[in-house]
1. Residue pairs, Cβ under 9 Å, 6 or more apart or interchain, first in the range 2-24 and among the small types (G, A, S), second assigned to a loop (DSSP other than H, G, I, E, B). List them.
2. L38 fails exactly one of the following numbered conditions: (1) open to solvent by less than 80 Å² (accessible area, probe 1.4 Å); (2) at pLDDT 95 or above; (3) among the aliphatic types (A, V, I, L, M). What is the number of that condition?
3. Which one is farthest from Y6 (Cα to Cα) among residues in the range 47-65 that are modelled with pLDDT of 90 or more and either out of contact with any helix residue (DSSP H, G or I) (no Cβ under 8 Å at 6 or more places or on another chain) or open to solvent by 60 Å² or more (accessible area, probe 1.4 Å) (or both)?
Amino acid sequence: MGNHNYAINDFKKAIEIDPTSSLAYFYIGTSKLKTRSLVREAIEDFTKSESLDQSENAGIDDGLG
């Protein structure tokens, strides 16, 4: 636990395999945020994750409320 640099590398590979994975962007952003040195990149990854999630699951929250 706690080795976010390894996680970042793994999520980079996941994004190479599937660049449309909102979860991969979310988790890489989380790991970058926890390193406290990649905060700006983390924000970009969270933004990308949100963008992908909205396009993949448009309207999904409507039925869950």
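1. Once the first residue is among the small types (G, A, S) and sits in the range 2-24, its partners that are assigned to a loop (DSSP other than H, G, I, E, B) give A14/S21; S22/N57; A24/D18.
2. (2) is the only condition that L38 fails.
3. So, considering only residues that are modelled with pLDDT of 90 or more and either out of contact with any helix residue (DSSP H, G or I) (no Cβ under 8 Å at 6 or more places or on another chain) or open to solvent by 60 Å² or more (accessible area, probe 1.4 Å) (or both), the one farthest from Y6 (Cα to Cα) is S51.
The values are calculated or read from the model by the stated rules, or taken from the named source; none is laboratory data. Everything numeric here is computed off the predicted structure, so don't read it as measured data. Neighbour counts run over all protein chains shown; Cβ positions are idealised from the backbone, glycine included. Calculation scope for accessible area: heavy atoms of the full protein, side chains included, ligands and nucleic acids excluded. Shrake-Rupley method; radii C 1.70, N 1.55, O 1.52, S 1.80 Å.
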